[in-house]
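Trainee: Below is one structure. I have some questions about it.
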Amino acid sequence: MTTKTNIAIMCGGSTYEHEVSIISGIQIAQNIDRTKYEPFFVYFDKNNDIFLIEGLKTPREFKQNKRVPVDLVKRNGRLVIRPHKLFKKALAVDICFMAFHGGAGESGPIQGMLELFNVPYTGATLEGAVITMNKSLTKEVLINNDVPVLPWVTVFGNEFQADKTGTVDLILEKLELPIICKPVHLGSSIGIKIVHTKIELEQQLSIATRTDSEVLLEPAIDEFTEYNISVRSSANGLAFSPIEEPVREGKVLSFDDKYANGGKKGGGKGSGGGMELLDRTVPAKISNELAAEIREQAKRSYRACRLSGMLRIDFMYSDGKLYCTEINPIPGSLAFYLWEAGGEPFQEQITQGIEDALQRHADKIHVVPYETDIVDKFIG
C-alpha cells in the first residue's frame with residue numbers, strides 16, 4: 001500500500017483578494033490527484049483565524065462542510081494541524097500548497113512561518129514574495145538587472161500627509177499628467193486609478209494612502225498592448241506557458257474585468273468564476289521575435305527577484321518597446337488556464353508544483369548547529 005503525501009491547501013486570509021483566494025483553493029482541491037495526495041483544506045478567515053474544512057472536494061462544500069478551528073504548530077520536526085476540540089485527531093503536513101492572493105499569504109509572513117517550521121511550500125520563496133508584492137521594490141530590482149520598466153515615483157503615506165502640496169509638486173516635476181496611481185502592496189488592480197489633473201492627483205493620493213502605506217505613480221500610456229506569461233521552475237530549468245493578450249474594457253484592466261465580470265459568465269473548473277474566465281487571446285498573435293523577447297525578460301525578472309515555483313509576469317508593449325509592469329508570485333487561479341492552453345492538464349500542473357517544491361526543499365542548505373560553550377561561560 002502506497003502512503004499518500006499530506007497536502008495542506010492554504011487560502012483566504014486578511015486581504016482584499018480573500019474571495020479570489022478561496023476560488024483558487026477550491027480549484028486545487030477539485031483537481032489534485034487524490035491517488036497520490038491526501039489534501040487538507042486549511043482556510044484563514046478575514047481575521048486570519050484558521051479552520052480546517054473537512055472533506056472539501058466541491059465548491060458547494062466550502063459552505064456546507066464542517067469548519068474545525070485549528071492551530072498550526074510544530075511537533076517532532078513537522079507541521080501539525082491541531083484542532084481546538086478535544087479528541088480531534090491532529091494532522092501532520094508534508095507540504096503546503098499556497099493559494100493565497102495578497103495579504104500575509106502572498107507577501108512573505110506565512111512563507112516565513114513555514115521556513116521557521118522547515119516545511120516545504122509551493123510558490124515564491126520568502127525573498128521572492130517580499131520583493132514582488134512591493135511594486136516599487138520590484139522595479140528597483142528589475143531596472144538593476146536590465147529589465148525595462150516604466151519611469152516611476154514612490155510616495156509614502158506619512159510623507160504625503162505631512163506635506164500634500166509639496167509631494168504633489170515633486171511628482172509633477174518627474175512625471176507628466178495623466179498619471180496612474182497604484183497602491184504598492186495590493187494586487188488584482190485594486191485601488192488603481194488614472195488621474196488627469198493636479199487636483200485629481202492630490203485627491204487620489206489622499207484615498208490611496210489610506211488604503212496602503214506606499215503608492216506607486218507611473219505615466220498613463222494611451223496606446224499599449226498587455227501581454228502575460230506564466231513561468232515556473234523545474235528540474236530541467238525554467239518553463240514558459242503560452243503568452244496571453246488579455247481583453248480589457250478601458251486603459252486599466254480592473255478587478256471587475258479580472259474577477260467580478262468573469263464570475264458572471266459561469267463555468268470554469270467547477271469554480272463558478274476566476275481568472276480563467278477573463279476574455280483573452282491565447283496564444284497571443286505576435287511575432288516570434290516579440291514572443292522571444294517576452295520570454296527573455298520573464299527569465300531575467302524571475303532570476304533577479306529570487307523567485308521559485310509557478311507565477312505570472314505581466315508586460316506592456318507600447319511604441320515598439322516592452323516593459324515589465326508586474327510580477328504575481330501567486331496568480332489568480334494559479335494561471336492554470338495558460339498552461340492548459342499549451343496542452344498540460346491542471347492536475348499535472350498541481351503535481352508538478354508539489355514535486356518541484358519538495359525537491360527545492362530537499363536541495364536547501366540547512367543550517368548545521370554550531371556548538372559553543374559561550375552561554376555556559378556567561379552563566380558562569
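All of the numbers you see were taken from the coordinates with simple rules; none came from a lab. Just so it is clear, the structure is predicted and the values come from calculations on it, not from any experiment. Positions of Cβ are backbone-derived with ideal geometry, glycine not excepted, and every protein chain shown enters the neighbour counts.
Trainee: So if R0 is 25 Å, what FRET efficiency would Asp45 and Leu86 give, r being the distance between their Cβ atoms, rounded to the nearest 0.05?
Mentor: Efficiency at R0 = 25 Å is approximately 0.65.
Trainee: Over the Cα atoms, compute the radius of gyration (one decimal) and Dmax (the largest Cα-Cα distance, rounded to a whole number) for the stretch 72-193, in Å.
Mentor: 20.2, 65
Trainee: Another question, if that's okay. If amide hydrogens are placed 1.01 Å from N in the peptide plane, which non-local residues have theirs closer than 5 Å to the one on Met310?
Mentor: Gly123, Ser233
Trainee: Exceeding 28 Å between C-alpha atoms, which entries from my cross-link table qualify? They are Lys36/Lys135; Lys299/Lys364; Lys74/Lys135; Lys66/Lys135; Lys139/Lys321; Lys36/Lys139.
Mentor: Lys36/Lys135; Lys74/Lys135; Lys66/Lys135; Lys36/Lys139
Trainee: Return the FRET efficiency for the residue pair Glu200, Ser318: r is the Cβ-Cβ distance, R0 is 25 Å, and the value is rounded to the nearest 0.05.
Mentor: Working from the Cβ atoms, E equals 0.65.
Trainee: Based on the inverse mean of 1/r over its pairs of different Cα atoms, what is the Kirkwood hydrodynamic radius of the stretch 153-219, in Å?
Mentor: Answer for the stretch 153-219: a Kirkwood hydrodynamic radius of 11.5 Å.
Trainee: Longest segment of the chain with no chymotrypsin sites (Phe, Trp or Tyr not before Pro) in a DSSP loop having at most 13 other Cβ atoms within 10 Å?
Mentor: Within the chain, the longest run free of exposed chymotrypsin sites (Phe, Trp or Tyr not before Pro) spans 88-369.
Trainee: Assign one of three labels to the stretch 5-121, namely rounded, prolate or oblate, based on the Cα gyration tensor with a ≥ b ≥ c the square roots of its eigenvalues; rounded applies when a/c is under 1.5, prolate when it is not and a/b is larger than b/c, and oblate otherwise.
Mentor: Cα axes put the stretch 5-121 in the rounded bin.
Trainee: Which length gain, in nm to one decimal place, applies between Glu159 and Ser213 when the Cα-Cα distance is subtracted from 0.36 nm times their residue separation?
Mentor: Extra length available between Glu159 and Ser213 comes to 18.4 nm.
Trainee: Can I ask one more? Which ordering of Arg312, Arg82, Arg295 is given by a fewest-first count of other beta-carbon atoms within 10 Å?
Mentor: Going from sparsest to densest Cβ surroundings: Arg82, Arg295, Arg312.
Trainee: Find the Rg to Rh ratio for the chain, where Rh is the Kirkwood radius over alpha-carbon pairs and Rg uses the same atoms.
Mentor: Ratio value, two decimals: 0.99.
Trainee: What would the Debye equation give as log₁₀ I(q)/I(0) for the stretch 110-154 at q = 0.15, 0.27 Å⁻¹, counting only Cα atoms as equal point scatterers?
Mentor: Debye curve over Cα of the stretch 110-154, log10 I(q)/I(0) at q = 0.15, 0.27 Å⁻¹: -0.48, -0.92.
Trainee: Go ahead and estimate [θ] at 222 nm for the chain from helices alone: -39,500 (n - 2.57) per DSSP H run with n ≥ 4, summed, over the residue count, rounded to 500.
Mentor: -9500 deg cm²/dmol
Trainee: Convert each backbone phi in the stretch 177-185 into a coupling constant with the Karplus relation 6.51 cos²θ - 1.76 cosθ + 1.60 (shift: θ = phi - 60°), then list the ³J(HN,Hα) values in order as whole Hz, x for Gly and Pro.
Mentor: Result, rounded to whole Hz: 6, x, 10, 9, 9, 9, x, 5, 9.
Trainee: By how many nm would the segment from Lys63 to Val367 grow when fully extended, if each residue of separation counts as 0.36 nm and the alpha-carbon distance is taken off?
Mentor: 105.2 nm
Trainee: Using a Gaussian network model of the chain with C-alpha springs under 10 Å, which one of Ser301, Ser287, Ser230 is most mobile by mean-square fluctuation?
Mentor: Ser287
Trainee: Could you go through the stretch 109-119 in sequence order and give the Karplus-derived ³J(HN,Hα) for each residue, using 6.51 cos²θ - 1.76 cosθ + 1.60 with θ = phi - 60°, rounded to whole Hz, and x for Gly and Pro?
Mentor: Coupling constants for the stretch 109-119: x, 6, 4, x, 4, 5, 4, 4, 7, 6, 10 Hz.
Trainee: Here is a further query. Per residue of the stretch 234-246, what does 6.51 cos²θ - 1.76 cosθ + 1.60 with θ = phi - 60° give for ³J(HN,Hα)? Whole Hz please, x for Gly and Pro, Karplus curve as stated.
Mentor: 7, 4, 9, x, 7, 10, 10, 7, x, 8, 10, 10, x
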